[in-house]
Each structure stands twice: as structure tokens, then as C-alpha cells.
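Worksheet for the structure shown next.
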Amino acid sequence: MAKSSVLSNEELYEKISASINIKKENFVILICAIFIASIGLNMNSQPILIGAMLISPLMAPVQGLGLGLGVFDSRLTIQALRLLVLEALFAIVTAMLYFWFSPLTYASSEILARTEPTIWDALIAILGGTAGMIGARQKEANNIVPGVAIATALMPPLCVMGYGIYTQAWSIFLGAGYLFLVNVAFIMITTFIVVRVLHLNFRMQVDTTKQRRRHYMMIGAAVLIAIPSFISAGTLIQTEMSQQRAKRFVAEAMADYYILNQNIDGKRHQLTLDLLGTKPAGAELEDLAKKLSDYHLEDYQLVINQVANNETVNMQDIDRYIDQKLQNQNAAKVVTNQAESASLTETLSEIKRQLFLDYATQVIKVKTDRLTTNKIETGQIIVTIASDVTKEQQEQIQATLDKLIANSDYAIKSVIKKGK
């Protein structure tokens, strides 16, 4: 008779119980996972974070907590809870110390991504908890448990909490703490459900009333913990819709401008655009603000920053601007090298970008069009410059434009005019 590849209920209980004993080896692994996760957050590297998730020992006490509650084993429940709290506090303090010594203290996108948990995080924890128990029942080594560790990501939120304490960014601390709570709670609840489905033996005499009371307690905890995640999910959906509308507004209503960065603030109902070139003013700015209603953004205020001489643009945007400038000092060479494979649209976009980079304080906007005459595709560029641009500066802009056009493979007409 072939041996079963699945553990018996008693073997499963013994396996999980043995994994939550406090061992110095586990704390060494925990320290390694904490530093790897902190470095990954600091360097904004997802692969490094995955490495930390793979070796993190936090999954064991969470499963032990669900198992202990499922079989009414008070000793196991307390032991698992004590280990989980100890490891979590140790991770938070260690991460805080890491960020204290680290020269990089800005909030990376990987840090910010763990501050706004939604119902999808709860769903991932439920699915991960189910898969984790299936993996735990297997006698042979498998890739289920490592996969669950990556999916549920228990370690990074704790490190983000440490970052939040160090920087005194309490919204980040609370957001990451809630994400950790969601993951732990729903993995634990899922483990509890699986334990009851498998009919593991109770470790004490339990009547029907006690069983129902614990079931109701689990349901109540799940609902209470999930409510904020539903609200967060609704906010996330609204924000995503607003961002898509803002992208359409920029792509269509502001196609003649060079937008370096855009940010939409749903709380303050503000759309902020950072652009290269002279920013629109007066009637032109009012006209753009009115067009927001065409994109269902009528409740938003349009704020435009000029990168070239505006101190409100953050350092990351300035760095991106400088990188673009350095990479495109030889504009003619760039256009020439790409001419063979570049379409007319790509060529017009490259010329437009270079004009804004070279003459950020003089060029207001650049309108590009594709024309077809006698089945021959041609292009047109209309450059609007500031009214205070001198004749010599205009001639310099014209010379640069003519050179860029000459180095392309297309017939392109150009017009330079002064704005009002």
C-alpha cells in the first residue's frame, strides 16, 4: 500500500506546534530578514524585498495562533501570540535603528505602497492562508509555503512601521501597522477555518455554545478589521479613475506643452502639473481650467509649476530634468540615429522634447501635426515663444529647429510665433 504524502491531523498539529518554539536560530534568520527587507525598502528594490519575505519566520506563529484557536489549545495560542508579538516588536525596533543609520531617508514607492491596505490585501491573505495550510500538510518539501510568504508579505510592513517611527511619519506607521494586522488576522482566521474543516481534535472538552461563541468571535473580528480596507479600496478606485482622467486631460488638452510630471490630490481636489517651458497664464490658463469639466474633473483646481525656475518642484523631478538634459545634449545626433526606425510621430515628439529642454524659459508650447499631401506624409511644427524673447534668441531657436528637421527623414514645415 502506497504511503500517503499528506500528514495526518495529529502530525500536522505536532509540525506547527514544533515550529513556534523560541529558538536562537530563528532570531538570527529574523534579523537577516529585517535587514534585507529594510535595505529593499531603502533602495526601492522589489527583488530584495522578495528575498526577505522568503526567509522570514513570521508565518509560523501566525499559523500556530490559528491552530491554537481552532483546537481550543490555550497553551499553544498563548505561545504563538507571545512569539508573534516578540518577533514583530523586534522587527520594528531593528528596522527603526537601520533607518536611523541609513543615509537614505526618503519615502520610496515600496514604502508608500505598504501604507494603504485595501480589501484586496485581505483577499490575498485569505488565499495565502489557505494555500499555506495546504502546503503545511505536505510531507515533502514544496514551493507553496515560500509562495505564500511572498504573497502575504508579513515582514515589509513591520519595517515600514520602523521607518514611520524614525521619521515620525505617523500616517505611514499606522498604515503599515494596519496592513500587518490585516495579513495576520486573515491568515489566522483562514487557518482556523481549515483546522475546523479538517476536524482536528479539540485539546479540551468544548460544548456547542463555546464553539459557536468562538465562531462568532472570528466572524466579528474579520468584519471589524475588513471595514477600513473596504473604505480604502473605494478611495483607491476613485483615485485611479481620477488619475486616468488627468492623464487624458494632459494628453489631449495639453498636448502642445511638455509635461514633466503630474500629480492628482484627491483630498485637496488639486491637479498639479510640472512643465518645461513658459507656463500658460491669463485667458489661456482660464481656458485650460474650464476644460477640466470635459474630463469629469470640474471639482479640481489646476496648478501649473514651471520646472525651469520654480523652487516648489521636488528634487526627484529636478534630477529627472537634469538627466534628460544630459542625455540629450546632442539633439541632432539623437534624431539622426533614430531616423531610420522612427515614425513621423516619434520624430515630431523628439523635436518637441528637445526644444523644451533647450529653451525651457522661452518656449511656451509646441504644436505638432501630421499632414498628408498627394499621399506623401509630412509634418508641421508650430512653436509659440514668450513675448519677451529677443530677435537673436528667436533666431537661435529657429536655427536649432531647422537643424533638427534637417537631420530627420521627413519633410517638416516649421513656424515660430510669439505668444500674447
**Q.** Carbon plus sulfur fraction of accessible area for the chain, probe 1.4 Å, in percent
**A.** 57 percent
Q. Say the cut-off is 31 Å between C-alpha atoms; which of LYS267/LYS418; LYS279/LYS403; LYS352/LYS375; LYS247/LYS418; LYS375/LYS417; LYS391/LYS413 go over it?
A. LYS267/LYS418
**Q.** Added length on full extension, which subtracts the Cα-Cα distance from 0.36 nm per residue, SER171 to LEU371
**A.** 66.8 nm
Q: Positive end of the charge dipole of the range 371-413 (Lys, Arg +1 and Asp, Glu -1 on Cβ, about the Cα centre): tell me which of THR378, ALA399, VAL389 has its Cα farthest that way.
A: THR378
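What does the charge dipole of the range 78-145 about its Cα centre add up to, to the nearest 20 debye, if the Cβ of each Lys and Arg holds +1 and the Cβ of each Asp and Glu holds -1? Spell out each step's value before the answer.
Working: 4 positive and 5 negative charges, 50 e Å.
Dipole about the Cα centre, nearest 20: 240 debye.
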Q: May I ask for the percentage of alpha-carbon pairs in the chain that lie more than 42 Å from each other?
A: 38 percent
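In cubic angstrom, how much convex hull volume per residue do the alpha carbon atoms of the range 1-84 span? Each step should come with its number before you reach the end.
On the way: hull volume 9.9 nm³, N = 84.
Normalising the Cα hull of the range 1-84 by residue number yields 118 Å³.
Please give me the summed charge of the neighbours of LEU158: other residues whose Cβ is under 13 Å from its Cβ, Lys and Arg +1, Asp and Glu -1. Mind dumping the intermediate values first?
Details: positive: ARG114; negative: GLU87.
With Lys, Arg at +1 and Asp, Glu at -1, the neighbours total 0.
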**Q.** Debye intensity ratio I(q)/I(0), log10, the range 372-420, q values 0.12, 0.20, 0.29 Å⁻¹ (C-alpha model)
**A.** -0.31, -0.71, -1.09
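Run the helix sum for the chain: -39,500 (n - 2.57) per DSSP H stretch of 4+ residues, divided by residue count, reported at 222 nm to the nearest 500 deg cm²/dmol. Intermediate results must be reported in sequence, preceding the final value.
Working: 16 runs with 259 residues, N = 420.
Roughly -20500 deg cm²/dmol at 222 nm, from the helical runs in the chain.
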Q.
Leaving out ligands and nucleic acids, and using a 1.4 Å probe, what accessible area per residue does the chain come to in Å²?
A. 53 Å²
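The values are calculated or read from the model by the stated rules, or taken from the named source; none is laboratory data. Since the structure is predicted, the reported quantities are computational estimates derived from the model, not experimental observations. Cβ: placed from backbone, ideal geometry, glycine included. Neighbour counts: every protein chain shown. Side chains included, ligands, DNA and RNA excluded: accessible areas come from the protein's heavy atoms. Shrake-Rupley method; radii C 1.70, N 1.55, O 1.52, S 1.80 Å.
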